[in-house]
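Report on the structure given below.
The values are calculated or read from the model by the stated rules, or taken from the named source; none is laboratory data. Worth saying up front: this structure is predicted, and the values here are computed from it rather than measured. A quick note on method: Cβ atoms are made from the backbone with ideal geometry, for glycine too, and the neighbour counts reach across all protein chains shown. Each accessible area value is taken on the protein alone, full model and side chains, heavy atoms only, with ligands, DNA and RNA left out. Shrake-Rupley method; radii C 1.70, N 1.55, O 1.52, S 1.80 Å.
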Amino acid sequence: MQIGVVFPQSEMGADPGAVRAYGRRVEELGFRHVLAYDHVVGADPAVHEGWSGPYDVHTTFHEPMVLFGYLAALTSLELVTGIIILPQRQAVLAAKQAAEVDLLTGGRFRMGVGLGWNRVEYEALGADFGTRGRRIEEQVAVMRRLWCEQTVTFEGEDHRVSGAGLAPLPVQRPIPVWFGAQSPPAYRRAGRLADGWFPQMLPGPELDQAKAMVEEAAAQAGRDPSALGMEGRVRWRGDAGALADVAGRWREAGATHLAIDTMGAGLGPVEGHLDALEEAAAALGLERG
């Protein structure tokens, strides 16, 4: 089970030096990948009465693809979007950005995608919130062809490409696409289309049911369910032993990857997050670089 970290988007602030220190130290501690959440804009609660989303206009978010271009020059970590809200982005441009990150990292990029929940953000980006589930499937099909073929002609419901292609092509052809999933339709979509998926719960009966749906959909699509990756997540709450116990449960549940999430733990600036990750690395028995 490969163990990485969740980049603490909402607590990292705007200091490039903090980003640099975080990336380098995470690699030194023995973690294998950095996973970054995605939000382009936040909603202003003063304008959107009754706003209840977990993030708003005051919450900091570095743009993942640009962030990864920076980290690619600083570390040899695998870089993972977890998740890019794909239907609010233009698919061909997203494919180009992903290809560039994959090239700059030497093929150490995983593109996690999902539907998102923020109607305000969709509106600001000129994208239709209501059709996002349908569109993501076609987007993935377009991107995979662009990553593997020098010239592509594609005619779909939402995309038209006529004899065009990306240059340079990525190292990975295609780049692995993982899906965020937290509903039966999303589990079935992941099983049909994804190279791996991100559960939104802890190991237990609920995960077992979700995993069964993913694997059933994969089998029905003629795919090998055992070939799909699964990345769990463990939140840091100040107890390294408890964290290691949950990590063990993820391993028993069949997770191929795990990310340690230090967001929301009151750790303050980057130093607090790195101190917590040092404890976590020791408890998990990671080998330092």
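On the given criteria, is VAL171 part of a helix (DSSP H, G or I) and surrounded by fewer than 19 Cβ atoms within 10 Å (Cβ to Cβ)? No. Inspect the range 103-112 for any residue being within 26 Å of GLN200 (Cα to Cα), basic (Lys, Arg) and out of contact with any strand residue (DSSP E or B) (no Cβ under 8 Å at 6 or more places or on another chain) and give the result as yes or no. No, that holds for no residue. Filtered by the rule that a residue be in contact (Cβ under 8 Å) with a residue 24 or more places away in the chain, part of a loop (DSSP other than H, G, I, E, B) and not aliphatic (A, V, I, L, M), the range 245-289 gives GLY254, THR256, THR262, GLY264, GLY268, PRO269, GLU287, ARG288, GLY289. Return the residues of the range 66-97 that are over 24 Å from GLN182 (Cα atoms) and hydrophobic (A, V, I, L, M, F, W, C); say none if nothing qualifies. Across the range 66-97, the qualifying residues are VAL66, LEU67, PHE68, LEU71, ALA72, ALA73, LEU74, LEU77, VAL92, LEU93, ALA95.
This table checks each residue for (1) under 18 Å from GLN97 (Cβ atoms); (2) in a loop (DSSP other than H, G, I, E, B); (3) modelled with pLDDT under 95.
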| position | (1), (2), (3) |
| --- | --- |
| ALA18 | no, no, no |
| VAL26 | no, no, no |
| TRP51 | no, yes, yes |
| VAL66 | yes, no, no |
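Here ALA242 clears all of (1) open to solvent by less than 50 Å² (accessible area, probe 1.4 Å); (2) without any contact (Cβ under 8 Å) to a residue 24 or more places away in the chain; (3) in contact with a Leu (Cβ under 9 Å, 6 or more places away or on another chain) except the condition numbered (3). Considering PRO54, PRO8, PRO87, PRO64, the condition of being without any contact (Cβ under 8 Å) to a residue 12 or more places away in the chain and closer than 22 Å to PHE198 by Cα is satisfied by PRO54 alone. Taken over the range 108-132, the criterion of being over 15 Å from ALA43 (Cβ atoms) and either open to solvent by less than 20 Å² (accessible area, probe 1.4 Å) or in contact with an Asp or Glu (Cβ under 6 Å, 6 or more places away or on another chain) (or both) is satisfied by ARG108, PHE109, ARG110, MET111, GLY112, VAL113, GLY114. Filtering the range 224-231 for residues that are within 22 Å of the chain's Cα centre (by Cα), more than 27 Å from ALA141 (Cα to Cα) and open to solvent by less than 60 Å² (accessible area, probe 1.4 Å) leaves an empty set.
Residues in the range 188-207: is at least one part of a helix (DSSP H, G or I) and polar (S, T, N, Q)? Break it down stepwise before answering.
Let us first name the residues in the range 188-207 that are part of a helix (DSSP H, G or I), namely 188-193, 205-207.
Right, trim to polar (S, T, N, Q) and you get none.
There is no residue in the range 188-207 that is part of a helix (DSSP H, G or I) and polar (S, T, N, Q).
For GLU121, indicate whether it is of a type in the set (Asp, Glu) and under 23 Å from ILE260 (Cα atoms).
No.
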